[in-house]
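To start, the structure itself, in structure tokens.
Read-outs throughout are calculated quantities, based only on the coordinates presented, and are distinct from any laboratory measurement. Computed from a prediction, not measured in an experiment: that's the story for all the values here. When we count neighbours, we look across all protein chains shown, and the Cβ atoms used for this are built from the backbone with ideal geometry, even at glycine.
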Amino acid sequence: MMRVYHFTEQPYPAAWNDHGGSLRVNLPNRKCDPSTAADLYHRFYDEWMLADELGFDIMLNEHHQTATCMSSTVVVPLAILARQTSRARLLVLGYPIGHRSDPLRVAEELATIDVISHGRLEMGFIKGVPYEFPCSNQNPVTVMDKFWEAHDFILKAMTSHEEPFSWEGEFFHYRQVNIWPRPWQQPHPPVWSAAGSLANARMLGERGYVMAVLGSGYKTRPLYDAYREGYMSKGRPPPPPDRLAYLGLLAVAADEAEARRRGEIVAGYLRSGGIVWPPFRNPPGYLSVEENAGILMGRPRERTLTRDGRVVDMRSAGIQDLIDAALLFCGTPDQVYRQIVEFIDYAGGVGHLLSMGQAGFLSHADTVDGLTLFGKEVLPRLKTYPQPGAAAHKS
Amino acid sequence: MAADGIMSSLAVDGVRIEMIERGHGRPLLFLHPGIGLSPGAPVLDHLAERARLIAPIHPGFGRSEQPARFTGIDDLAYFYLDLMDALDLADATLVGVSLGGWIAAEIAVKSSARISHLVLANAVGIKAWDRETREIADIFALTEEQFNERAYFDPAAGKRDYAAMPEAQVRIIARNREATARYAWSPYMHDPKLRQRLHRIRVPTLLLWGMADRILSESYGRAYAAAITGARFEPIARAGHFPHIEAPDEFARQIFAFVDAA
């Protein structure tokens, strides 16, 4: 059983025509036409509602001060879709809780969305990309300490039902915590996070949370294996595929040439996502001292691999390299199915495909066509595809 | 305890730091800026000519230990008060540049029992004007080239060739940058309450100012001086934000002239 989540960052494509070297943080918001933005929001919600009808699940995220992602407060689309869809799981990946000054508010928002959606919320908590720090002004050096305190607080707020509790931590202070409503799902909605290092993958495995990885292509297996080790180190059997998620871009069409055309548009978003004023790309403390020393000395950073071991840079790679690296699933429904299944087998099981089926300039018509084709011809086959590692969990 | 002949090592409050000690006479405690301190910096020899120079590397900087519990400049100020107790310093001249000046000011408002003179060179640390005035350039929003343009009288003085440096040196640069952010990210490079506490400084105080500084303005330095009773403001013309690097000779000369006179 694989779940496929339709995802778009809700971009504002017109900004690419005139960004002055930075799409994020300092791109003046006079370049945002609220009327254009409104049309885009409604369009993206329509696409998610179609995805819901077609059997997809839904993924949402948030970024700040950026034309690449107009979802600056993810609880708004979550709330709208909690009401306007009926069956899809609603995954937020993620909620940058280390950037929030008030985790009580986060617990209240998410519990409310879980209740309105009748228990369809999946809670992904993330550190946030480097460009978030100049916006939120949270300290990049200590943000993970704050993240874990917020995490602990949110889960306690969601699972405490008898009487108000107090919290006097390093970052947060409350005296009478007692959220209304409490979440629909018990003891709380499933927790997800993302990892890019073996140490973090193992730690998420120990916690048993759903781990998503992105941009790792055919370097994903070591991350999954580190997760599996961590998961089993706590005396559990091997983790079922539904503990592991992978984010890839998707461009599908009835014929290959059209799929490639769409693939170029979607990949263009990936290639240009790093257009941001250089000092905002790497705030102090976001990376380790060793990594930063390597960058200063001009050492190339870790990249993605293709199936046959070629190094790929997702910011500059051509379409075929992106496909070979499983960063982009692109082609006819049959081709895309085979690419995904090959990746599932390589990875030892992938329970959740986070599918960026809209990006950049990809039009509403193309997005709807791709969603419909995938939903009718690929999704049913993926849902019944026997996942490696799943057999042990049939009980 | 000598580590390599240049740096010694000292533990205070269970935190082990590196320290440069040179010269004899009255103690002079030198607190370095966020870019750290090179043991080969000429200013150290100039200062050691007429004083017992004590130049610690702040916790988290260089190779000094970073305690997780140290998250603000206050933590460093209390740490150095304890260090002065541990070394039993008396009548010390306390000198700080930029971030080090902020630490020095925080120390002096808490206690000047072991301090005879205070020198704040291109110091950050106060909020001088209203909430919508950016008084301190956002160094984390500048490229290195822009930073050098703003920080130095001669921007070439800040230029670094990382590829030609030993990796250990590059790691120290990366570590200094991270530690600066840890202590000074928000509120950015200042303590909102410091200015209203500066009246507690009772020792003779000198604001020494590299006039080519465009991280801070001259008027920021003059506002700092105005908040400290009797403080003097002395310019250094051919230096920017780091006068101890660009004009080490004049930097030391002005400090000793001030100590001799006041």
Review point. How big is D for chain A, in µm² s⁻¹ as a whole number, if Stokes-Einstein is applied with the Kirkwood radius of its Cα pairs at 37 °C and 0.692 mPa s?
Key: 152 µm²/s
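Calculate how large, on average over all directions, the projected area of the Cα convex hull of the range B:1-147 is; give the answer in nm² to one decimal.
Projected area, direction-averaged: 9.9 nm².
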Revision key, fill the gap. Under the Karplus relation with 6.51, -1.76 and 1.60 and θ = phi - 60°, whole-Hz ³J(HN,Hα) for the range A:45-50, x at Gly and Pro, equal 5, 4, 5, 5, 5, 4
Revision key, fill the gap. When chain A is treated as a Gaussian network with springs between alpha carbons less than 10 Å apart, the largest mean-square fluctuation among A:Gln176, A:Gln65, A:Gln185 is found at A:Gln176
Study note, to complete from the structure: As a percent rounded to 5, the proportion of antiparallel DSSP bridges among beta bridges in the range B:1-159 is 45 percent
Point to revise | Isotropically averaged projected area of the range A:221-329, using the convex hull of Cα atoms (one quarter of hull area), nm² | key: 9.8 nm²
Exercise for review: Inverting the mean 1/r over all pairs of different Cα atoms, compute the Kirkwood radius of the range A:193-233 and quote it in Å.
Suggested key: 9.5 Å
Study note, to complete from the structure: Rounded to the nearest Å, the spacing of the alpha-carbon centers of the range A:321-382 and the range B:140-168 is 46 Å
Point to revise | Ellipsoid equivalent to the range B:179-262 - semi-axes via the Cα gyration tensor, in Å | key: 22, 19, 11
Study note, to complete from the structure: Both in Å, the radius of gyration and Dmax of the C-alpha trace of the range A:160-214 are 15.4, 40
Revision key, fill the gap. Eigenvalues of the alpha-carbon gyration tensor of the range B:220-261, times 5 and square-rooted, give semi-axes in Å, largest first, of 19, 15, 6
Review point. Tell me, Kirkwood radius of the range B:1-74 from alpha-carbon pair distances, in Å?
Key: 12.8 Å
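Distances longer than 31 Å among the Cα atoms of chain B: what percent of all pairs is that?
When every Cα pair of chain B is considered, 16 percent fall beyond 31 Å.
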Check your understanding: For the range A:80-238, what is the relative contact order in percent, using Cα pairs closer than 8 Å and at least 6 residues apart in sequence?
Key -> 22 percent
Review point. In percent, how large is the relative contact order of chain B, given Cα pairs closer than 8 Å and 6 or more residues apart?
Key: 20 percent
Revision key, fill the gap. When B:Ile54, B:Ile172 are ranked with the fewest other C-beta atoms within 10 Å first, the list becomes B:Ile172, B:Ile54
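So what is the relative contact order of the range A:260-389, in percent, for Cα pairs below 8 Å that sit 6 or more residues apart? List each step's numbers first, then the result.
Numbers: 99 pairs, mean separation 38.1, N = 130.
About 29 percent, as a whole number.
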Exercise for review: With a 10 Å radius around each residue's Cβ, average the other Cβ atoms per peptide and rank B:113-121, B:97-105, highest first.
Suggested key: B:97-105, B:113-121
Point to revise | Within the protein assembly as shown, percent of DSSP bridges classed antiparallel, to nearest 5 | key: 25 percent
**Study point:** Kirkwood hydrodynamic radius of the range A:265-395, Cα pairs, Å
**Key:** 17.4 Å
